[in-house]
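Enquirer: Shown below is the structure under consideration.
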Amino acid sequence: MRGFILNTVRVRDEDLIVRILTKKEILTLYRFYGSRHSYINVGYLIDFTVEESPKATIKRLRNVTQIPFSFLFDLEKMLNYKIFLNLFNKHLSDITKIDDFYYNLLIDIVNDLEKRDSKRFLLESYVKLLEKEGRLHKDFICFLCEKEIKGNIALARAFLPAHEKCIYEKGFDKEKIKELFENKKSLLFNDEEIEKLWKIMNLGF
Ligand SMILES: [Zn+2]
């Protein structure tokens, strides 16, 4: 089986409870400590097997091999990827069965992050996730006063559109937001605006 490590929790000194996103489900597995075992780290893509254990309530994680990706030693890309993964994990915290969209989204990220600016690419991926979940509001109606937004578009948590005056935040140029929401492209934003969008995403998926 193949999957992404979403989260690990240390138990009994060195053992781990590991949460793994596969194509169709999120597994929670137990990993016994072994000094020759390969390293388990959030965000890694791994091949593994699941071992049933009749007495335990939790299945065991076995035969782990890490599938390397090209940006593994790029500190900035790895950091931003892990921030994204943590938000992603929190968002999917109560889920076991899952649409393969989520696995495929992470596959696209690990395949292409090397070539792209990491924040821009991860923001575009986040917008795809919002759209998939029916939470991307392209009609530009303010979520607070429910009136149309004619000028700049301010964004609240989960990129909810609002009037600048309604959430007391400086907005973004409408054409730039349209390009991001409709074509999933961040190229019109300058770096300062990308930082602002990154901060809003960090409020939570
Ligand atoms: Zn408003």
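Computed from the coordinates by the stated procedures, all read-outs in this text should not be read as laboratory data. Remember, it's a predicted structure, so these values are computed and weren't measured experimentally. Counting neighbours? That spans all protein chains shown, and the Cβs are built from the backbone with ideal geometry, glycine included.
Enquirer: Pull up the cross-link candidates among the aspartates and glutamates for Lys97, meaning alpha carbon to alpha carbon under 14 Å and not fewer than 8 places away within one chain.
Expert: Qualifying aspartates and glutamates at Cα under 14 Å: Glu25.
Enquirer: Treating only the Cβ of Lys, Arg, Asp and Glu as charged (+1, +1, -1, -1), what charge dipole size does the range 128-205 show about its Cα centre? Round to the nearest 20 debye.
Expert: The calculation lands at about 180 debye.
Enquirer: Going by average Cβ neighbours within 10 Å, how do the peptides 8-14, 56-62 rank, with the highest at the top?
Expert: Descending mean neighbour count gives 56-62, 8-14.
Enquirer: So if I place +1 on the C-beta of Lys and Arg and -1 on the C-beta of Asp and Glu, and nothing else carries charge, what would the dipole magnitude of the chain be about its Cα centre? I want it in debye, nearest 20.
Expert: 500 debye
Enquirer: Give the long-range amide H neighbours of Asn63: residues separated by 5 or more places, or on another chain, with amide H under 5 Å away, using H modelled in the peptide plane at 1.01 Å from N.
Expert: Thr49
Enquirer: Between Ile98 and Ser35, with labels modelled 7 Å along Cα→Cβ, what's the label distance in nm to one decimal, could you check?
Expert: It is 3.5 nm.
Enquirer: Return a whole-number percent for the relative contact order of the range 34-81, with Cα pairs under 8 Å and 6 or more residues apart as the contact set.
Expert: 33 percent
Enquirer: Work out the charge dipole of the chain with +1 on the Cβ of Lys and Arg and -1 on the Cβ of Asp and Glu about the Cα centre, then indicate which of Phe101, Ile5, Asn80 is farthest towards its positive end.
Expert: Ile5
Enquirer: Would you mind estimating how fast the range 56-102 diffuses translationally, via Stokes-Einstein at 10 °C and 1.306 mPa s with the Kirkwood radius over Cα pairs, in µm²/s?
Expert: Answer, rounded: 117 µm²/s.
Enquirer: What's the ranking of 120-131, 86-97 by average number of surrounding C-beta atoms within 10 Å, highest first?
Expert: So the order, starting with the most tightly packed, is 120-131, 86-97.
Enquirer: Sort 135-141, 35-41, 154-160 by the packing proxy (mean of other Cβ within 10 Å over each peptide's residues), most packed first.
Expert: Taking the mean over residues of other Cβ atoms within 10 Å, the ranking is 154-160, 135-141, 35-41.
Enquirer: Follow-up. Principal axes first, then extents: for the Cα atoms of the range 128-205, list largest minus smallest coordinate on each axis, whole Å, largest first.
Expert: Principal extents (Cα only, largest first): 28, 27, 23 Å.
Enquirer: For the range 91-158 and the range 42-58, compute the distance between their C-alpha centroids and round to whole Å.
Expert: 30 Å
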